[in-house]
Amino acid sequence: MEMAGGSGSEDMFDSIVMADERFRGTGYREGFERGTRRGLRDGRLHGASHGAKLSTEISFYYGFGITWKCLLQHNTDAKSRKRLKALDALLGLIQNCPFDDPHSANLQEDVEKLRAKFRQVCSMLSVPTDFKDYTKTSDGTSF
């Protein structure tokens, strides 16, 4: 009987040690699952926020290009023709970029090319190049 009692205390000791391991494993799995869900949610929110900002920027470039093209289309001097050519290049970059594919390997490169072309066009038109300057309302808040 003592052997059975000794064996029982070992089983009880093992179950206590194993309970600690079980609880630690369960806690890790639950924490990992919760962290994964939260990470996906936060990632989606972050992506949506940055996607909206990029969309706003590109939409502005498009509106900017169309507006200036309309303003300059009836001018026939050489300077206006150069400006129109640069505006057409800006609009072409916008229309040919795969902005609807967020997994595009060239997305960052295409956006940088677009920003560079915008700066070039602004220089040719003698207008400020900071996109943020154009998105401010009269009271100083952005839209």
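The values are calculated or read from the model by the stated rules, or taken from the named source; none is laboratory data. Predicted model, so just to flag it, every value in this text is computed and none were measured. In this analysis, Cβ positions are derived from the backbone assuming ideal geometry, glycine residues included, and neighbour counts consider all displayed protein chains. Note: accessible area is taken over every heavy atom of the protein model, side chains too, but ligands, DNA and RNA are not part of it. Shrake-Rupley method; radii C 1.70, N 1.55, O 1.52, S 1.80 Å.
Here are the numbers for this structure:
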| read-out | value |
| --- | --- |
| Residue in the stretch 44-63 that is modelled with pLDDT of 85 or more, among the charged types (D, E, K, R) and within 19 Å of ASP130 (Cα to Cα) present | yes |
| Only listed residue being of a type in the set (A, V, I, L, M, F, W, C), touching a residue at least 40 places away in the same chain (Cβ under 8 Å) and in a loop (DSSP other than H, G, I, E, B), chosen from PHE99, PHE64, PHE60 | PHE99 |
| Within the stretch 27-48, considering residues that are free of Cβ contacts under 8 Å to residues at least 24 places away in the same chain and open to solvent by less than 50 Å² (accessible area, probe 1.4 Å), the one farthest from GLN108 (Cα to Cα) | GLY27 |
| Scan of the stretch 111-129 for residues that are open to solvent by less than 70 Å² (accessible area, probe 1.4 Å) and modelled with pLDDT under 90, ordered by number | THR129 |
| When residues of the stretch 56-74 are limited to those that are among the hydrophobic types (A, V, I, L, M, F, W, C) and open to solvent by 60 Å² or more (accessible area, probe 1.4 Å), the one nearest to SER126 (Cα to Cα) | TRP68 |
